[in-house]
Amino acid sequence: MLGQPRFIIFWSGRLVSGLGDSVFALVTMWDVLKTTNSPLLAAIVPLIPTMTFLLFSLPLATLADRWPKKRVLIMTDTVRSLVMLVLVGLLESRVANPTLLYLFNFLVMVGQLLFNPAQQSALPGILGVPDRDIPLATGMLSATASMVRLVGYGVGGALVAAFGSATLVLVDAVSFALSAASLGLIRISEADWGAPRPGKSSGQFWRQSLRGLGFLWNNPLLRALVLIGLVVNLASAPLQFFTAVFSKAVLHRGAAGFGDLEATAALGALLASLVAGRYAKALPLRVWMVLSFLITGLGLTAMALHPILWLATLLFGVAMGSMALFNVPFAAQLMRATPDDVRGRVMAGVGMTFSVSVPVGLVAGGWLTEVVGARAMFGGIGLFLAMASVSSRFLPGGRRALTAEAAGARGSGEIR
């Protein structure tokens, strides 16, 4: 992959932009928790993008499939840079509050929901040999996301204390601008970016939006994964805010401990993404699922039982890193199996269906954490995930079911 200049430019933009995103996520989560001292209100920070995803991912993915991909990518990064600059001004004026932070999380997520489908549609055209390179590219992009989280969270807590929230949000604004500039340097044809698919009416627009869900439901393997994902995400949703709560209430380490936990999680995901990307084709999806759920569950349970700083940090890195053992092979195989003109909608449909239960899990998890405490909730989630590894027995067909049926759909013309 390092020998492909177009991919390196593309990857560099994701590296810079991801670094800014990790800093922004840390700032908003910690500022809300510090201001309100409420796990429930802190849970709203990840709840906002989750609800935005559920409500708008399919229509925005349809727009991204219709519009020229390069234009969508550059436009969304540019607008998000401007949004971050506005937030910098509000923070410097000391008028920002939790409600405004929720609003800016919403605006950034809208941009991401346009950017991601366009990126997924454009990636095969950027690569030299798509069928060969997609698993490696997916693993590398996933590892990059983990690496920037490692750096962002690793130093973010100290940077918040040293320079304040406004400075870190300014870093995010600059990162989006640099990402937009890097995309402008990639020279390939419009067809290689992923040709736009025009629509003629609002009725056709909504029918096209639902085609991604139809693709998922008509595939037995994907349908089973969706149902399993709904239950697992309901239980594991509180992990999106637990690091801040666990650091504050159990480890008593404040923002620095929050950053340490997230950094080790990112390091674990980085290493696991590289392994999973390299060996994505070597094992069936059911095996990747067992490894992912079992290691994650045991790591979280041990972390709750032994809340010593160094041990908890190590265990959380192992637990969160193991998530990539399933996510990377699944995403790579799905991208290879999906027709180009609906890839954005299919990938958005996967994310949307996996996330349907997350809002309930976040709210219930925030409330239960206040009732039973962070250690009990952490341990309970770990035990559930370890037991959920047996759900892989209910997957029909494994990897071949995904690729074979998708190829059949592509050839039949049923997916448009």
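The values are calculated or read from the model by the stated rules, or taken from the named source; none is laboratory data. Because the structure is predicted, anything quoted here is derived from the model rather than measured. Methodologically, a virtual Cβ is constructed for each residue, glycine included, from the backbone with ideal geometry; neighbour enumeration extends over all protein chains shown.
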### Message
Quick check on segment 257-264. Is at least one of its residues in contact with a helix residue (DSSP H, G or I) (Cβ under 8 Å, 6 or more places away or on another chain) and either surrounded by fewer than 18 Cβ atoms within 10 Å (Cβ to Cβ) or under 28 Å from Val346 (Cα atoms) (or both)?
### Response
no
### Query
Taking segment 308-338 only, how many residues are within 15 Å of Thr264 (Cβ to Cβ) and either modelled with pLDDT of 85 or more or aliphatic (A, V, I, L, M) (or both)?
16
### Message
Go through (1) crowded, with 17+ Cβ neighbours inside 10 Å; (2) assigned to a helix (DSSP H, G or I); (3) touching a Leu at 6+ places or on another chain (Cβ under 8 Å) for Gln120 and report which single condition fails.
### Response
(3)
### Message
Taking the criterion of being part of a helix (DSSP H, G or I) and either over 30 Å from Arg211 (Cβ atoms) or polar (S, T, N, Q) (or both), would at least one residue in segment 64-75 satisfy it?
### Response
no
### Message
Residues to consider are Val250, Val226, Val245; find the one that is at pLDDT below 80, β-branched (Val, Ile, Thr) and in a helix (DSSP H, G or I).
### Response
Val226
